[in-house]
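Asker: Quick one: the structure is below, and I'll ask about it shortly.
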Amino acid sequence: MNNAASLIAELSSRRWEARKAAAQELVKMGPPAIPHLVEALHHGDADVRLVAAKALGWIRNAAAVAPLTKTLGDGDSDVRRAVALALSMIADAEALVPLTEVLGSDLSWPVRAAAAEALGSIGDTRAIPALVGGLGDGYLEVREAAVESVARMGQAAVPPLLKALDGGNPEMRWGAAEALGMIGDAAAVERLQQTIKDNDPSVRQASIEALGKIADPQSVVPIADALKDEFSPVRYSAVKALERIGDPHATAALTAAVRDRNWGVHWAALKAVERIRSIQSEQKPPV
């Protein structure tokens, strides 16, 4: 079997192994197989449409972008997800607008998550508003995909992310803090320091972790204050952030945290104090 039409016919086989083998052969054919796979996107069997979408993604040719974006409206959510992931593999800006619409409106969270991932792969900063909006999605998987993708946009995403820290949705504030930490821009330090006092513990924790990644010594005092937070995960993150910054001015607060009632915080504080003191001793000039 070596012609595209026969291979397309095999995509509807009842045997998964046969469908997989046919898809692999079509991918090996490359661009010449694209018209046949595009036609398969209209097949009555959702499994055939799904495999065709995956194969088009694996071929990674921009000629498949337009027909794939049209298939983002498929009635089967698994097919729509496969299409979004295929567009992620091709990473062509032509798919930008359709993917932002999917991220904002598709009823299936796996499809929205795949759309967020695809927008990150494309890397076009015009997707930032949609990705920031995705930070407030009701599903964690979508929020995580939006965080990773908007962070890939780099410094261009910092201003809208800082604005998102003022949002009424705690999930969005959490996602904004996470993304700002991944970007690591010092311009976010002052605002993140303020967010350590957010009324939502997950936002406080994300802000502390972000400051630990940025590792600005000016954050030592506000992070040290968080060692008194009522939630132990927040206190634990404060210990780890101070350890990561490695500033000796944090030693006193960390030594006090060794007496924390939570064993996880207790042991993390012990380790942090030892590490910072070790760094100090290494930096001392030889006598």
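Read-outs: derived from the displayed coordinates by stated rules, not from any lab. The model shown is predicted, which means the values in this text are computed figures rather than measured ones. As a convention, Cβ positions derive from the backbone with ideal geometry for all residues, glycine included, and neighbour counts pool all protein chains shown.
Asker: Over 20 Å between Cα atoms: which of K197/K271; K240/K271; K213/K240 fall into that group? Walk me through the intermediate numbers first.
Answerer: Working: K197/K271 26 Å; K240/K271 9 Å; K213/K240 10 Å.
Exceeds cut-off: K197/K271.
Asker: Among V221, G264, V142, whose Cα lies farthest out toward the positive end of the dipole of the chain, if unit charges sit on the beta carbon of Lys, Arg (+1) and Asp, Glu (-1)?
Answerer: So the residue furthest toward the plus end is G264.
Asker: Could you derive backbone 3J(HN,Hα) for the stretch 117-127 from the dihedral phi with the Karplus parameters 6.51, -1.76 and 1.60 (θ = phi - 60°), listing whole Hz in sequence and x where the residue is Gly or Pro?
Answerer: 4, 5, 5, x, 5, 5, x, 8, 5, 5, 7
Asker: To continue, here is another question. Can you work out ³J(HN,Hα) from phi for every residue in the stretch 36-41, in order, using Karplus 6.51 cos²θ - 1.76 cosθ + 1.60 and θ = phi - 60°, giving whole Hz and x for Gly and Pro?
Answerer: Computed from phi, the couplings for the stretch 36-41 are 5, 5, 4, 4, 5, 5 Hz.
Asker: Would you be so kind as to identify which of V132, L103, L41 lies farthest towards the positive end of the dipole of the stretch 1-150, taking Lys and Arg as +1 and Asp and Glu as -1 on Cβ and the Cα centre as origin?
Answerer: Of V132, L103, L41, it is L41.
Asker: Right, something else. If Lys and Arg each add +1 and Asp and Glu each add -1, what is the summed charge of the other residues whose beta carbon sits under 14 Å from the beta carbon of S232?
Answerer: Working: positive: R204, K228, R235, K240, R259, R261; negative: D229, E230, D260.
For residues surrounding S232, the net value is +3.
Asker: Still on this structure, I have one more. To make sure I understand, if each residue's beta carbon is the centre and we count other beta carbons within 10 Å, what order do S202, S149 fall in, fewest to most? Provide the component values of the computation, followed by the final result.
Answerer: On the way: S202 17, S149 27.
Ordered by Cβ neighbours within 10 Å, fewest first: S202, S149.
Asker: Also, quick follow-up: If you average the sequence gap of Cα pairs under 8 Å that are 6 or more apart and divide by the length of the stretch 160-287, what percent do you get for the contact order? Spell out each step's value before the answer.
Answerer: Values: 185 pairs, mean separation 22.6, N = 128.
The normalised contact order for the stretch 160-287 reaches 18 percent.
Asker: On to the next question. Once you have a ≥ b ≥ c as the square roots of the Cα gyration tensor eigenvalues for the chain, tell me rounded if a/c is under 1.5, and otherwise prolate or oblate according to whether a/b is larger than b/c.
Answerer: Prolate.
Asker: Something else about it: Quote the relative contact order of the stretch 1-84 in percent (integer), defining contacts as alpha-carbon pairs under 8 Å separated by 6+ residues. Write down the numbers at each step before the final one.
Answerer: On the way: 94 pairs, mean separation 20.9, N = 84.
It rounds to 25 percent for the stretch 1-84.
Asker: Which angle from 0 to 90°, rounded to the nearest 10, does the C-alpha axis of helix 263-283 make with the longest principal axis of the chain?
Answerer: Value to nearest ten degrees: 80.
Asker: Hey, can you grab everything whose amide H is under 5 Å from the amide H of D76? Only 5+ residues off in sequence or another chain; H modelled, so Pro and N-termini drop out.
Answerer: The list, which skips near neighbours in sequence, is empty: none.
Asker: So how do 37-48, 233-244 stack up, highest first, on mean other-Cβ count within 10 Å? Write out the running numbers ahead of the final one.
Answerer: Working: 37-48: 17.3, 233-244: 24.1.
Top to bottom by mean Cβ count within 10 Å: 233-244, 37-48.
Asker: Relative contact order (percent) for the chain, with alpha-carbon contacts under 8 angstrom and 6 or more residues of separation?
Answerer: Numbers: 482 pairs, mean separation 23.9, N = 287.
Worked out over the chain, it gives 8 percent.
Asker: Using a 10 Å cut-off on Cβ atoms, rank the peptides 162-170, 65-73 from the highest mean neighbour count down.
Answerer: In decreasing order of mean packing, 162-170, 65-73 become 65-73, 162-170.
Asker: Going by the alpha-carbon gyration tensor, a ≥ b ≥ c the square roots of its eigenvalues, is the stretch 160-287 rounded (a/c under 1.5) or, if a/c is not under 1.5, prolate (a/b greater than b/c) versus oblate?
Answerer: Values: a/c = 2.81, a/b = 1.54, b/c = 1.83.
In terms of gyration-tensor shape, oblate.
Asker: Specify whether the C-alpha gyration tensor of the stretch 83-186 places it in the rounded, prolate or oblate class, a ≥ b ≥ c being the square roots of the eigenvalues: rounded for a/c under 1.5, otherwise prolate if a/b is larger than b/c and oblate if not. Before the final figure, lay out the partial values.
Answerer: Numbers: a/c = 2.01, a/b = 1.33, b/c = 1.51.
Judged from the Cα gyration tensor, the stretch 83-186 comes out oblate (a/c at least 1.5, b/c at or above a/b).
Asker: Under 22 Å from the Cα of K20, which lysines turn up, not counting those fewer than eight places away in the same chain?
Answerer: Within reach: K28, K54.
Asker: Another one. Using θ = phi - 60° and the Karplus form 6.51 cos²θ - 1.76 cosθ + 1.60, what ³J(HN,Hα) does each residue of the stretch 238-252 get, whole Hz, x for Gly and Pro?
Answerer: 5, 4, 5, 5, 5, 4, 5, 5, x, 7, x, 5, 8, 4, 4
Asker: Just add up the charged neighbours of P201: K/R +1, D/E -1, any other residue whose Cβ is under 9 Å from the Cβ of P201. Walk me through the numbers on the way to the answer.
Answerer: Working: positive: R204; negative: D198, D200, D229, E230.
Once positives and negatives cancel, what remains is -3.
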